[in-house]
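One structure below.
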Amino acid sequence: MNKRILLYLAALMVGFSALTSSCIEDGFTTSPSSQPEFSTDTLDLGTVFTAENTTTSRFVVHNRHSKGLSISSISLSGDAAEYFRLNVDGMSGRSFSDVEIRAKDSIYIFVEATLPLTGLTEEKEFEASLDFLTNGVNSSVILTASGLDVDNIGSIVIDNDTRWDSATPYRILDSIVVGENATLTLAPGVRIMMHDGASIRVHGTLVSEGTVESPVTISGDRTGNVVGQISFDLMSKQWDGIYFFPESSGNRLEYTTVKNSSNGVSLDGSDLFILNSVLRNSGTDNLRAVSSEITAVGCEIAEAGEHLVSLTSGKAVFNHCTLANNYLFASLRGAAINLMHLPGKEDPDMSGSPYTIADFSNCIIYGIGAEVSQGDLSGTDIYFRRCLMRSNGSDDSNFIGCLWDTDPMYRTVREDYYFDYRLMPESPAIEAADTELILRQAATDRYGLTRKLELGAYCFDPADVPVE
């Protein structure tokens, strides 16, 4: 082999060596000042049911340095350490040694937990520390999760009068069926958490005895956030709904919140009295009634994919209610109030049934979308008396003394996912009610405040104004 070829091969070797060495990490830093950075200092796994696995949460460990980092140990400590599990850069366990992160690179750490039964009626927070030892220096990320004991019920048929107390939340995995000759009474403070597809079907009577201090809540069983800061509390379609059948009677919901369902509250030939309650976040209608009798006083009915209220035949009274649709996750498919089977607009399916009768008084009807499905109500027994409306309309024989094209000035900030339908101090609804139309049940609101002349569900308290 001649000298020229040897020199050429030597040059190739040098070039290859330089190329490969540029792709290989140039050692590890051992300086105590060289430390990993974490995408969070506290990882909150949210509220979970005890004895069940949490969803998986994660955070990122960054190496911002020009040399590699070798983390001598990653381990859990603290009283609750045994309840948490880790996956570090693809390896599962509870402790790890000599974990390397290349220069300007990062690794993921995934965290899960299974929390023990607490024996408590409220949530209990568990906390552990995830400790890192790097170049002789300790650093930590705090892991937290709140555990909630629940009474898991698959499917239950109630054939005798039954009272549920508030000791532990009830989690319904399938359905509650109240038999024709039975009454299910929900004591103050009861929480019912409905699983995907679960329903409440009432052939007898449902009575919810919430109070100002101890309201009743019927909601989905998802906890924590969907994504970012958007809570599952804002999401509809988490469970089926509540159904009242023709043989059902004497139903009452007081200081009760029903939320996150697909089909809200539905009545077919039944009756329902609702006081100072909240119906919120339904995928279709929040309240649907066919040939039924409804009285709603001091209620908030908000956020629905179709209608807030849908009435077909029957009788309905809404006094001092706030009807507000600011539904987030789909385009609205109907007006806030859907009125069917009216004179001249008969529903063939309701042939022979009485026409719909409804009275809305001292109410606020304001949100995105139309307020009422029928523009011309002449000749009907549908009345809106002293109601605040978004539309730029005018009074007639069915709309009496209304406040048109008027913003009630809710506290709600839709773009921030904040929904509070109490009134700001400058609201024109605060001193606008017709005293002759205030029903005695509307004397106080859901928060226990005394009503003066406020329209809608909520009284105004100057001492309770949000600070900007």
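The values are calculated or read from the model by the stated rules, or taken from the named source; none is laboratory data. In this text, all values refer to a predicted model and were calculated from it rather than measured experimentally. Neighbour counts run over all protein chains shown; Cβ positions are idealised from the backbone, glycine included. Surface areas here come from the heavy atoms of the whole protein model, side chains and all, with no ligands, DNA or RNA. Shrake-Rupley method; radii C 1.70, N 1.55, O 1.52, S 1.80 Å.
Points to keep in mind about this one:
- Taking (1) touching a residue at least 60 places away in the same chain (Cβ under 8 Å); (2) open to solvent by less than 10 Å² (accessible area, probe 1.4 Å) in turn, LEU339 satisfies each apart from (1).
- Enumeration of residues in region 235-265 that are of a type outside the set (A, V, I, L, M, F, W, C), closer than 12 Å to SER292 by Cβ and surrounded by 23 or more Cβ atoms within 10 Å (Cβ to Cβ): SER248, ASN251
- For ASP359, the test of being within 30 Å of ASN260 (Cβ to Cβ), without any contact (Cβ under 8 Å) to a residue 40 or more places away in the chain and surrounded by fewer than 19 Cβ atoms within 10 Å (Cβ to Cβ) is failed.
- For region 419-437, a tally of residues being open to solvent by 70 Å² or more (accessible area, probe 1.4 Å) and not in a helix (DSSP H, G or I) returns 2.
Residue-by-condition table, conditions (1) open to solvent by 30 Å² or more (accessible area, probe 1.4 Å); (2) modelled with pLDDT of 95 or more:
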site	(1), (2)
TYR417	yes, no
LEU439	yes, yes
ARG451	no, yes
GLU468	yes, no
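- For region 93-106, the count of residues that are under 30 Å from GLU209 (Cα atoms), at pLDDT below 95 and hydroxyl-bearing (Ser, Thr, Tyr) is zero.
- Flag if THR450 is of a type in the set (S, T, N, Q), in contact (Cβ under 8 Å) with a residue 40 or more places away in the chain and closer than 20 Å to GLU300 by Cβ: no
- Of all residues in region 391-413, those satisfying the criterion of being charged (D, E, K, R) and either loosely packed, with under 15 Cβ neighbours inside 10 Å or modelled with pLDDT of 95 or more (or both) are ASP395, ASP396, ASP405, ASP407.
- Strands (runs of 3 or more DSSP E) contained in region 70-188 and holding at least 1 residues open to solvent by 60 Å² or more (accessible area, probe 1.4 Å) and among the small types (Gly, Ala, Ser): 91-93, 95-101, 151-158
- When residues of region 271-322 are limited to those that are part of a loop (DSSP other than H, G, I, E, B), of a type in the set (Gly, Ala, Ser) and modelled with pLDDT of 95 or more, the one surrounded by the most Cβ atoms within 10 Å (Cβ to Cβ): SER277
- Sole residue being at pLDDT 95 or above and within 14 Å of the chain's Cα centre (by Cα), chosen from ILE218, ILE200, ILE242: ILE218
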